[in-house]
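Report on one structure; see the data block that follows.
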Amino acid sequence: MTRNYNFAILFSVIAVLLLPALTSAALVEQQPLVLQYHNGQLLKGRITVNLVWYGSFTPIQRSIIVDFINSLSSPSAKLPSAASWWKTTENYKGGSSALVVGKQFLHSAYTLGKSLKNKDLMALASKFNAQSNELSAITVVLTAKDVAVEGFCMRCGTHGSTRPVNGKPRTAYVWVGNSETQCPGQCAWPFHQPIYGPQTPPLVAPNGDVGIDGMIINLATLLAGTVTNPFNNGYFQGPATAPLEAVTACTGAFGSGSYPGYPGQVLVDKASGASFNAYGLSGRRYLLPAMWDPQTSKCRTLRENGVVLDCWGRGRSSWGLGGSSDDDIDKGRGEVNLILIIKKYQNEWFRVS
């Protein structure tokens with residue numbers, strides 16, 4: 001059972017046509033965005049995140065991602081923090097989900113080659129899970145910039161679950177690829193210009209690495225989707241074959257006043273010009289997407305000085321991440337397809353706070 005999330009943020013020319021339609025009439029209050037709970041298991045409590053590094057990653061690149069995951073459950077960073085962003089997951093049934101980095105496996109020898117199929121991702125995740133005794137864990141497979149993955153660029157990442165092994169229950173896994181040399185316009189926006197749509201200048205990546213900072217956005221999205229909908233029967237909107245989840249329902253919004261092609265108002269470092277909206281451990285800075293809050297039924301970005309930065313975005317809007325059926329990556333399920341789904345756009349995009 002796997003859910004691949006086609007994360008690509010493909011900003012089409014249709015976005016240009018959409019902007020004039022956002023008149024005052026289109027900004028009237030709409031029905032709340034609701035992700036229904038389907039009575040399934042969520043991942044709550046202490047959750048170990050084990051990392052599989054497939055391909056060549058520098059020590060600095062690995063530390064940026066490790067620091068990010070640890071930052072999600074550490075309240076010590078200044079506000080607005082990655083932990084305050086992650087805290088929204090506590091509003092989903094069951095309480096908090098505390099992520100802790102566990103074991104790390106380096107596959108720098110490219111043991112499966114440099115062109116992976118969906119089954120290879122499943123094999124990497126399953127092999128690790130077979131060696132683990134932890135019932136509450138997520139295996140994250142990260143592929144390097146020179147590794148081609150089946151469907152990559154039409155999707156930027158995946159989350160799903162492995163089959164039971166040796167009597168052990170199925171466990172959740174995530175895959176995210178580094179798009180730096182393959183498709184940064186799809187998978188590393190807004191740190192790279194999109195291949196279509198408004199060609200506004202890209203933001204400066206907060207950690208100085210377009211590929212890795214793009215991976216952070218996709219990893220954040222998938223981790224939120226994993227803890228709130230790990231086995232395709234948690235929180236989501238729409239059909240199980242194409243679910244919108246905690247962050248994918250709010251895709252493309254990072255700060256106040258966002259709209260298709262514009263990430264919104266975020267913080268900017270005066271010295272480097274880097275854009276971010278969250279502080280992390282070790283002085284790190286990250287750009288994190290809006291997340292749906294079940295207490296308000298709205299997409300929320302991070303708070304700064306006690307004020308919620310609002311965002312644009314709703315439902316099955318533009319550059320979304322799709323989901324998929326329960327048995328797909330056994331076939332590979334849930335992909336973030338680069339297909340624009342603008343339908344009745346005046347009703348699909350509205351301002352939320």
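The values are calculated or read from the model by the stated rules, or taken from the named source; none is laboratory data. These numbers come from a predicted model, not from an experiment. Heads up, the Cβs are rebuilt from the backbone with ideal geometry, glycines too, and the neighbour counts pull from every protein chain shown. These accessible areas exclude ligands, DNA and RNA; they are computed on the full protein's heavy atoms, side chains included. Shrake-Rupley method; radii C 1.70, N 1.55, O 1.52, S 1.80 Å.
Observations
- Residues in the range 112-138 that are at pLDDT 95 or above and assigned to a loop (DSSP other than H, G, I, E, B): 112, 113, 114, 117.
- Looking across the range 72-110 at every residue that is among the hydroxyl-bearing types (Ser, Thr, Tyr), farther than 19 Å from residue 62 by Cα and more than 18 Å from the chain's Cα centre (by Cα), the one that is least open to solvent (accessible area, probe 1.4 Å) is identified as 96.
- Residue within the range 166-185 that is over 21 Å from residue 86 (Cβ atoms) and part of a helix (DSSP H, G or I) present: yes
- Among the residues listed as 139, 162, the single one being farther than 26 Å from residue 213 by Cβ, surrounded by 14 or more Cβ atoms within 10 Å (Cβ to Cβ) and in contact with a helix residue (DSSP H, G or I) (Cβ under 7 Å, 6 or more places away or on another chain): 162
- Note on the range 30-68: among residues that are under 20 Å from residue 108 (Cβ atoms) and assigned to a helix (DSSP H, G or I), the one that is most open to solvent (accessible area, probe 1.4 Å) is 60.
- For the range 300-319, the criterion of being at pLDDT 90 or above, surrounded by fewer than 24 Cβ atoms within 10 Å (Cβ to Cβ) and either within 30 Å of residue 64 (Cα to Cα) or of a type in the set (Phe, Trp, Tyr) (or both) is met by at least one residue.
- Unmet requirement for residue 232, which otherwise passes all of (1) of a type outside the set (D, E, K, R); (2) open to solvent by 10 Å² or more (accessible area, probe 1.4 Å); (3) at pLDDT 95 or above; (4) in contact with a His (Cβ under 9 Å, 6 or more places away or on another chain): (3)
- The range 245-266, residues that are in contact with a strand residue (DSSP E or B) (Cβ under 7 Å, 6 or more places away or on another chain) and of a type outside the set (A, V, I, L, M, F, W, C): 245, 248, 255, 256, 257, 258, 259, 264, 265
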